[in-house]
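Here is the structure we will look at, set down as C-alpha cells.
Laboratory data are not the source of any read-out in this text; all were calculated from the coordinates shown. Since we're looking at a predicted model, the values are computed, not measured. Here Cβ is always computed from backbone atoms with ideal geometry, including for glycine, and neighbour counts include all displayed protein chains.
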Amino acid sequence: MRARQMEYEELLVKQSKMEQTMREHQQMMEEKQRKKEEKHQKMMQEQQLKLVEQQEGRMQLMEQQMSEQMMEHIRQLTSCTTPK
C-alpha cells in the first residue's frame, strides 16, 4: 500500500512538472507571437510612412510642373497681346 502511495505521489510530481513545462512553453509561444506581430506592425507603419513621403514628393513635383506650365502659358499670352 505504501509503495502504491509513493508511486502515486511520484506521478503527481511528474504531472505537476509537465504542466509547468507546458505553461512555460505556452508563455514562450505567446511572447514569440506578440513580438512577431509587433515587428509586422512596425514594418507596416514604415511602409505607410514611405508611401506618404513618396506621395508628397509626387505632389510637389506636380505642383512645380503646373506652376512652370502656367508661367509658360502666361508668357505666351503676354507675347501675343503685347503691341510691337
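Is there a residue being free of Cβ contacts under 8 Å to residues at least 40 places away in the same chain, not acidic (Asp, Glu) and not in a helix (DSSP H, G or I) anywhere in segment 15-25?
no
Taking the conditions exactly as written (on the phi < 0 side of the Ramachandran plot and within 23 Å of the chain's Cα centre (by Cα)), does LEU49 satisfy them or not?
Numbers: on the phi < 0 side of the Ramachandran plot: yes; within 23 Å of the chain's Cα centre (by Cα): yes.
Yes: the conditions hold for LEU49.
Restricting to segment 4-44, name every residue that is of a type in the set (S, T, N, Q) and loosely packed, with under 10 Cβ neighbours inside 10 Å.
GLN5
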